[in-house]
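Quick one: the structure is below, and I'll ask about it shortly.
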Amino acid sequence: MMEITSFSLSEVNYEKIKYVVMIAEYKEKLVIIKNKNKVLWELPGGKREVGEQLLKAASRELYEETGAVSFELIPYGIYLMNGSYGMNFYVNIKEIGPLPDYEIEEIRFCDKLPNQLGYGEIYYKMYDEWNEIKDKRKLKKYKIKYSDSSTYEF
């Protein structure tokens, strides 16, 4: 079993963060994705490019994997898994365009997270943490209209 440690947004230097992962909803349905090269379904997310701002990385990955072009991003936590840090986001997608021709084969909209998602328990832990804090903490919301040239900062 993978060991997963959770941190608040203020506990880890953002330079150490290599991944972004999102609990994404569209019209009150959870969004899951199927990568062409993988067996299991996943949540949107991926690797941060060198020097890339975290909001830009999350926006880029969300667009590439779902076609989302208008959305609200809410960073809400950081995790450490297998020696790498990632930032967790909640995303409320307002508008989805055509799915870009990258690595995603299909997207689905679900009422709840299905069993057997990729990467073991981390997605379920992220989802539980989001549901625990979403109504209890004041979290900063970033409204994004995606374009490749945009820059976003905390």
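Filtering the range 26-39 down to residues that are of a type in the set (D, E, K, R) and assigned to a strand (DSSP E or B), which residue is farthest from Gly120 (Cα to Cα)? Lay out the reasoning, then the answer.
Kept after step one, since they are of a type in the set (D, E, K, R), are these residues of the range 26-39: 27-29, 34, 36, 38.
Then drop every residue that is not assigned to a strand (DSSP E or B), which leaves 29, 34.
Details: Lys29: 21, Lys34: 15 Å.
Only one residue fits best here, namely Lys29.
Could we say that Glu25 is of a type in the set (Asp, Glu), modelled with pLDDT of 95 or more and farther than 19 Å from Val91 by Cα here? Step through it out loud before you land on a result.
Values: of a type in the set (Asp, Glu): yes; modelled with pLDDT of 95 or more: yes; farther than 19 Å from Val91 by Cα: no.
No.
Going through the range 20-40 one residue at a time, which ones are of a type outside the set (S, T, N, Q) and surrounded by fewer than 20 Cβ atoms within 10 Å (Cβ to Cβ)?
Glu25, Tyr26, Lys27, Glu28, Lys29, Leu30, Lys34, Lys36, Lys38, Val39, Leu40 - these are the residues of the range 20-40 that are of a type outside the set (S, T, N, Q) and surrounded by fewer than 20 Cβ atoms within 10 Å (Cβ to Cβ).
So which residues in the range 90-123 are more than 16 Å from Arg60 (Cβ to Cβ), of a type in the set (D, E, K, R) and surrounded by 12 or more Cβ atoms within 10 Å (Cβ to Cβ)?
Matches in the range 90-123: Lys94, Glu95, Arg108, Glu121.
So how many residues does the range 33-57 have that are closer than 13 Å to Tyr19 by Cβ, touching a Lys or Arg at 6+ places or on another chain (Cβ under 9 Å) and among the hydrophobic types (A, V, I, L, M, F, W, C)?
2
Oh, and also: Determine which member of the set Leu62, Leu55, Leu80, Leu43 is over 21 Å from Ile144 (Cα atoms) and hydrophobic (A, V, I, L, M, F, W, C).
Leu80
Further question on the same structure: Given the structure, is Ser84 surrounded by fewer than 17 Cβ atoms within 10 Å (Cβ to Cβ), under 15 Å from the mean Cα position of the chain (by Cα) and either among the polar types (S, T, N, Q) or closer than 15 Å to Lys18 by Cα (or both)?
no
Something else now. Among Glu65, Glu72, which is the only one that is closer than 29 Å to Ser10 by Cα and buried (at least 20 other Cβ atoms within 10 Å of the Cβ)?
Numbers: Glu72 fails: buried (at least 20 other Cβ atoms within 10 Å of the Cβ).
It is Glu65.
For the range 40-98, what are the residues that are part of a loop (DSSP other than H, G, I, E, B) and in contact with a Pro (Cβ under 8 Å, 6 or more places away or on another chain)? First the steps, then the outcome.
Filtering the range 40-98 down to residues part of a loop (DSSP other than H, G, I, E, B) leaves 40-41, 43-44, 48-53, 67, 82-83, 97-98.
Of everything in the range 40-98, those that are part of a loop (DSSP other than H, G, I, E, B) and in contact with a Pro (Cβ under 8 Å, 6 or more places away or on another chain) turn out to be Trp41, Gly67.
Could you list, in sequence order, all residues of the range 138-147 that are in a loop (DSSP other than H, G, I, E, B) and either touching a helix residue (DSSP H, G or I) at 6+ places or on another chain (Cβ under 7 Å) or surrounded by 10 or more Cβ atoms within 10 Å (Cβ to Cβ) (or both)?
Listed by number, the residues that qualify are Leu139, Lys140, Lys141, Tyr146.
The values are calculated or read from the model by the stated rules, or taken from the named source; none is laboratory data. Keep in mind the model is a prediction, meaning the values are calculated, not measured. Methodologically, a virtual Cβ is constructed for each residue, glycine included, from the backbone with ideal geometry; neighbour enumeration extends over all protein chains shown.
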